[in-house]
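> Pasting in a structure now, in structure tokens, and then I'll have a few things to ask.
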Amino acid sequence: QTVRILAHGRDVVIGSWGATPRAVLTGAGFDLDTSDQVLLDGVLTPLDALLPPRQVETSAPTYDRGFAWDALRSEPLQLRLTRAIPLVVHEGGLPYTISTTAQTVGEALRQSEVILYLGDRVQPSLGSRVTANMDVYIERSVPVTLEADGRKVKTRTQAQTVGDALSDSGVVLAGLDRVEPPLETLLYDNIRIAVTRVSEDVEI
């Protein structure tokens, strides 16, 4: 069937026996990556999905003695190819590369199933526009359990010590209040911080 291909700034109309977008594009000389995306008549479609059957319309009958197939009309299918571009993600240990067709950093990470938590810091920001071979840095936050004033809260923080974590969470210490572990303790995953309020009364 007749297929219109929009790719690489080109607009090409071909005839193809391909049953899937991958077969049509490969037959037309396009090398595909697993992360490339194809829009079939404006709808995102898997590369190996079957193409819909050819839609043929018949023109209104006339008294012309032409051939019967002259009255047949068929609109070509439209395939728009969007190439995936690489991003280099730096997170903790060795950097790794992801391929994406997303427009923003946040959407690229979501497509690649990179989970972000409350307090994680991403540079450039999640709304930044994606460019080829862009470096994305993720600073992971530390999960913390905080018990204070009769409440138990699980949160995440970029703080380095227990004291900084309390400050980030808006917990104010006063007087003889006790904290376990001590304020200068370096944070680690799933650390439990307990604040005990201490009041002092003088009775005569």
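> Rank these residues by their accessible area, most exposed first, probe 1.4 Å: Ile115, Ile85.
Ile115, Ile85
> Quick one: longest stretch of the chain between exposed loop trypsin sites (Lys or Arg not before Pro), exposed meaning at most 12 other C-beta atoms within 10 Å and loop per DSSP?
Between exposed loop sites, the widest span is 66-204.
> Can you give the calculated 222 nm mean residue ellipticity of the chain, where each DSSP H run of n ≥ 4 adds -39,500 (n - 2.57) and the sum is split over every residue, rounded to the nearest 500 deg cm²/dmol?
Dividing the helical sum by the residues of the chain leaves -2500 deg cm²/dmol.
> In addition: Once neighbouring chains are kept in place and the probe is 1.4 Å, which whole percent of the accessible area of the chain is contributed by carbon and sulfur?
52 percent
> Take every Cα pair under 8 Å in region 148-204 that's 6+ residues apart, average their separations, divide by the length, and report that relative contact order as a whole percent.
Reported as a whole number, the value is 39 percent.
> Where only protein heavy atoms count, and the probe is 1.4 Å, what is the accessible area per residue for the chain in Å²?
Here the per-residue accessible area is 67 Å².
> Determine the shape class of region 147-187: with a ≥ b ≥ c the square roots of the Cα gyration tensor eigenvalues, call it rounded for a/c under 1.5, and otherwise prolate if a/b is greater than b/c, oblate otherwise.
oblate
> Consider the candidate values [x] 10.9; [y] 14.8; [z] 19.8; state which one is mean projected area of the Cα convex hull in nm² computed from the structure displayed.
So the calculated entry is the one marked [z].
> For the chain, what proportion of DSSP beta bridges, expressed in % and rounded to the nearest 5, is antiparallel?
That works out to approximately 75 percent antiparallel.
> How about region 102-204: which GluC sites (Glu not before Pro) there are in a DSSP loop, with at most 16 other Cβ atoms within 10 Å of their Cβ?
Glu113, Glu184, Glu200, Glu203
> In debye, nearest 20, what is the charge dipole magnitude of the chain about its Cα centre with +1 on Lys and Arg Cβ and -1 on Asp and Glu Cβ, if you could check?
Rounded to the nearest 20 debye, it is 860 debye.
The values are calculated or read from the model by the stated rules, or taken from the named source; none is laboratory data. Just so we're clear, the structure is a prediction, and the values are computed from it rather than from any experiment. All Cβ positions, glycine included, derive from the backbone under ideal geometry; neighbour counts span all protein chains shown. Please note that ligands, DNA and RNA were not included when accessible areas were found on the heavy atoms of the full protein model with its side chains. Shrake-Rupley method; radii C 1.70, N 1.55, O 1.52, S 1.80 Å.
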